[in-house]
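Written below as structure tokens is the structure these notes are about.
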Amino acid sequence: MDTLEILRGILGLPMSSERLRDQLQQFHTTEHTESTTKIYSDAVYTNYFDLGMSIMYVPKADYRPRTGIALDHDKLELRNVDIYNFKEKGGGKKQSYAAFAHLPLFVGGPDDETLKLDKDTTGKEIVDALGEPSRKGGGDGPSGGSIGIWCEWSNLGLMFEFESRGPQAWEMGKDSTWNTVTIFAPEQA
């Protein structure tokens, strides 16, 4: 089973799932991979900085997680996985993610095209293989105040983020490599 299939296969599992733990163990590069957990009322994030991966869990309707109170792992469902392709320019309190070590990912696109996603894959290569995204945004405004561009293929359950920002963001974005891929449940047609 390839990496993308494994990541897609854990979507929707409860945080308490033994299958989830077993699948995540495959990504650990050492026996004791550390994680940090951030708790919000509408989501819980488990961040694996050394693995270049972050996992978002959402609570079931009748549950609201709170900091300082033990989490009910049965009531948290894995919604998406972020994998990273860069080391954040750290500084201050923000911890940096390593690049995801389990590349390449192979993504099937339309017309039997397959995208081989590695650390050097550009926006142009992604669009050439997957076709036009169903949604896109970002890149507006002055370079200091805008967010990077992003492209989403809802039918594939993938969103790519790029560092390209500012007034020329979309023109330069085609040559930018991806920063983050969010893997989520594909929308059904």
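Quick notes
- Candidates are the residues of region 156-186 that are in a loop (DSSP other than H, G, I, E, B) and modelled with pLDDT of 90 or more; the one that is least open to solvent (accessible area, probe 1.4 Å) is Gly157.
- Identity of the residue in region 52-77, under 12 Å from the mean Cα position of the chain (by Cα) and in contact (Cβ under 8 Å) with a residue 40 or more places away in the chain, that ends up nearest to Asp120 (Cα to Cα): Gly52
- Filtered by the rule that a residue be open to solvent by 30 Å² or more (accessible area, probe 1.4 Å) and either at pLDDT below 95 or aromatic (Phe, Trp, Tyr) (or both), region 75-95 gives Phe86, Lys87, Glu88, Lys89, Gly90, Gly91, Gly92, Lys93, Lys94, Gln95.
- Selected residue (only one of Glu132, Glu152 is among the charged types (D, E, K, R) and open to solvent by less than 50 Å² (accessible area, probe 1.4 Å)): Glu152
- Residue selected from region 36-51 under the condition among the polar types (S, T, N, Q) and touching a residue at least 40 places away in the same chain (Cβ under 8 Å), by the criterion farthest from Gln23 (Cα to Cα): Thr36
- Pair list, Cβ under 9 Å, 6 or more apart: region 164-188 residue on the phi > 0 side of the Ramachandran plot, other residue surrounded by fewer than 17 Cβ atoms within 10 Å (Cβ to Cβ) and among the hydroxyl-bearing types (Ser, Thr, Tyr): Gly166/Ser143; Gly166/Ser146
- Tally, over region 31-54, of residues that are touching an Asp or Glu at 6+ places or on another chain (Cβ under 8 Å) and either open to solvent by less than 100 Å² (accessible area, probe 1.4 Å) or part of a strand (DSSP E or B) (or both): 5
The values are calculated or read from the model by the stated rules, or taken from the named source; none is laboratory data. The structure presented is a predicted model; accordingly, all values stated were derived computationally and were not measured. Note: ideal-geometry Cβ built from the backbone for every residue, glycine included; neighbour counts use all protein chains shown. For the accessible areas, the whole protein counts, side chains as well, though only heavy atoms, and no ligand, DNA or RNA atoms are used. Shrake-Rupley method; radii C 1.70, N 1.55, O 1.52, S 1.80 Å.
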